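Heads up: the structure comes next, in structure tokens.
Each value in this text was obtained by applying a stated rule to the coordinates, not by laboratory testing. Bear in mind that the values here come from a model prediction, so they are computed numbers and not experimental data. Positions of Cβ are generated from backbone atoms using ideal geometry, with glycine treated the same way; all protein chains shown enter the neighbour counts.
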Amino acid sequence: MADDLRQLTYSVPYNLLLLTAGAVIFGIGVKAIALPHGLITGGASGVALLLYYWTGWLKPGQWYFLVNTPIFILGWFFVSRRFFFYSLYGMLIMTLAMDWVTFTIPVTEPVLAVLAGGTLIGTGSGIILNSLGSGGGNDIIAIILNQRFNFRIGTFFFLFNISLFAFSLGRLPLDLVLFSLAMSFVTSQTVNYFLSIFNQRKLVLIISEHADAIAAEILSRIHRGATYLEGRGAFSGRRKDVLLTVVNNYQLKRVEELVFSIDPAAFVIMENTFNVLGKGFSHRKVY
């Protein structure tokens with residue numbers, strides 16, 4: 001099952017589907033909501049919109065293509081050829097989507113436009129970044145930083161956009177800049193959510209006098225592994241076995257019921273984890 005999923009993740013049709021769907025959703029967010037309200041999307045598309053607002057030349061999609069051209073050189077040298085060509089496809093679809101979308105979504109309240117636009121743009125970006133490519137622009141720089149320094153992609157987007165909006169002060173109305181900053185925050189949170197939702201797991205630490213029985217049940221009923229950690233009570237000084245296991249969201253409740261049915265006095269700690277790599281879970285993503 002895991003091997004089949006890995007083959008699907010690295011298949012060309014699957015990645016083209018993600019890139020196409022994400023680019024279209026992104027384009028709708030830009031053209032149908034952000035542009036009619038004069039909002040800046042942030043990133044390379046935000047730079048493209050600023051150039052469009054200031055000059056009145058070309059179309060937003062054409063500016064996006066021009067802004068992306070030098071950035072793609074970084075993707076060629078610092079990531080991989082496969083990433084480059086997938087990203088080139090994503091950028092072309094995004095460019096076409098921003099040019100071909102001619103309708104507007106009838107949102108009149110600026111706050112609702114911020115929420116709807118940020119959610120759509122973030123959803124599109126999140127879907128794209130779950131592929132082996134990107135939509136170009138800031139995606140490429142963000143992926144390079146994430147691969148080399150483990151810098152969160154959504155966080156980079158937000159920091160870059162703060163700089164972009166600060167530069168826009170005095171050139172655009174203050175209200176629009178502030179609304180754009182708020183939309184950027186919604187976008188970055190949506191991106192981080194989409195990047196973590198497929199990899200989110202629960203790390204469970206179990207301290208119990210019946211660790212052996214609990215471990216056996218986790219292996220046989222939950223079909224997950226468990227690891228013994230050696231602990232010692234700070235107050236009692238007694239040696240204790242601490243069980244560590246990692247499960248998905250659906251298995252967490254079953255583990256909880258299993259533990260307390262065996263040992264009502266057990267001490268259980270549950271933590272969110274967002275990137276579990278290894279057998280039975282995600283494989284390391286290689287661009």
Checking rank on 185-193, 81-89, 26-34, with mean other Cβ inside 10 Å and highest first, the result is 26-34, 185-193, 81-89
If the chain between A21 and L145 were fully extended at 0.36 nm per residue, the gain over the current Cα-Cα distance would be 42.2 nm
Going residue by residue through region 123-128, the Karplus relation 6.51 cos²θ - 1.76 cosθ + 1.60 with θ = phi - 60° gives ³J(HN,Hα) values, rounded to whole Hz and with x marking Gly or Pro, of 5, x, 5, x, 5, 4
Among region 10-50, those whose backbone N falls under 17 Å of a label point 7 Å along Cα→Cβ from F103 are 24-36
Between R82 and V12, the two model label points (7 Å from Cα along the beta-carbon direction) sit apart by a distance in nm of 1.3
Nearest-0.05 FRET efficiency for S261 and W57 at R0 = 51 Å, using Cβ-Cβ distance, is 0.15
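Determine, from the Cβ-Cβ distance of A234 and Q200 and an R0 of 22 Å, the FRET efficiency 1/(1 + (r/R0)^6), rounded to the nearest 0.05.
0.10
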Distance in nm between E209 and R254 label points, each 7 Å along Cα→Cβ, equals 2.9
Which of [x] 74, 39, 33; [y] 71, 47, 39; [z] 55, 54, 37 gives Cα extents along the principal axes in Å as computed here? It is [x]
If one builds a Gaussian network model of the chain from Cα atoms under 10 Å apart, the most fluctuating residue listed among R152, R238, R201 is R238
